[in-house]
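J.: My structure is below; once you've seen it, I'll send some questions.
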Amino acid sequence: QVQLVESGGGLVQAGGSLRLSCAASITTFSRVTMGWYRQAPGKQRELVASITSGGTLNYADSVKGRFTISRDNTKKTMYLQMNSLKPEDTAVYYCNVQGLVHHYWGQGTQVTVSS
């Protein structure tokens, strides 16, 4: 059974930083595209950042220059470093893995940025 476990969320003041982690048990970790999504109350879930097996990066315009996505294939862990956080970044953040056959989601971790 594939398991995705997010951690690192919490409450932070505007301008602060957090680092989210997603530990994935999938055997083919090094061969899949992974990403972070977020969903705020009353809003659609949106892609924040993604990273392919080859290291190609993609960011939402709203987070470019502030967030950095990375992956460690040895530890089977994906990270999202979030700097210069803004209140509008407040949302539940979800880890996503595009497996070779199925797509997988974590349960989400809450990020709250106070003004």
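The values are calculated or read from the model by the stated rules, or taken from the named source; none is laboratory data. Since the model is a prediction, treat every value here as computed from it, not as a measurement. Cβ placement follows ideal geometry from the backbone for every residue including glycine, while neighbour counts extend to all protein chains displayed. Note: areas computed on protein heavy atoms with side chains; ligands, DNA, RNA excluded. Shrake-Rupley method; radii C 1.70, N 1.55, O 1.52, S 1.80 Å.
J.: Starting from the coordinates of the alpha-carbon atoms of segment 69-112, obtain the Kirkwood hydrodynamic radius over all distinct pairs and give the value in Å to one decimal.
T.: Across segment 69-112, the inverse of the average 1/r is 12.2 Å.
J.: Right, next: Once neighbouring chains are kept in place and the probe is 1.4 Å, which whole percent of the accessible area of segment 7-115 is contributed by carbon and sulfur?
T.: It is 46 percent, rounded to a whole number.
J.: Work out the length of the dipole vector of segment 1-104 about its Cα centre, built from +1 on the beta-carbon of each Lys and Arg and -1 on the beta-carbon of each Asp and Glu, and round it to the nearest 20 debye.
T.: Dipole about the Cα centre, nearest 20: 120 debye.
J.: Would you please calculate the Kirkwood hydrodynamic radius of segment 10-54 over all C-alpha pairs and express it in Å, rounded to one decimal?
T.: 13.1 Å is the Kirkwood radius here.
J.: Tell me, what is the percent relative contact order of segment 35-109, built from C-alpha pairs under 8 Å that lie six or more residues apart?
T.: 28 percent.
J.: In the chain, what percentage of the DSSP-assigned beta bridges are antiparallel, given to the nearest 5?
T.: Percentage antiparallel, nearest 5: 90.
J.: Could you give the length gained by full extension between Val5 and Glu88, i.e. 0.36 nm per residue of separation minus their alpha carbon distance, to one decimal place?
T.: Full extension from Val5 to Glu88 adds 27.5 nm.
J.: Please report the equivalent ellipsoid semi-axes of the chain, computed as sqrt(5 x eigenvalue) of the Cα gyration tensor, largest first, in whole Å.
T.: 23, 14, 13
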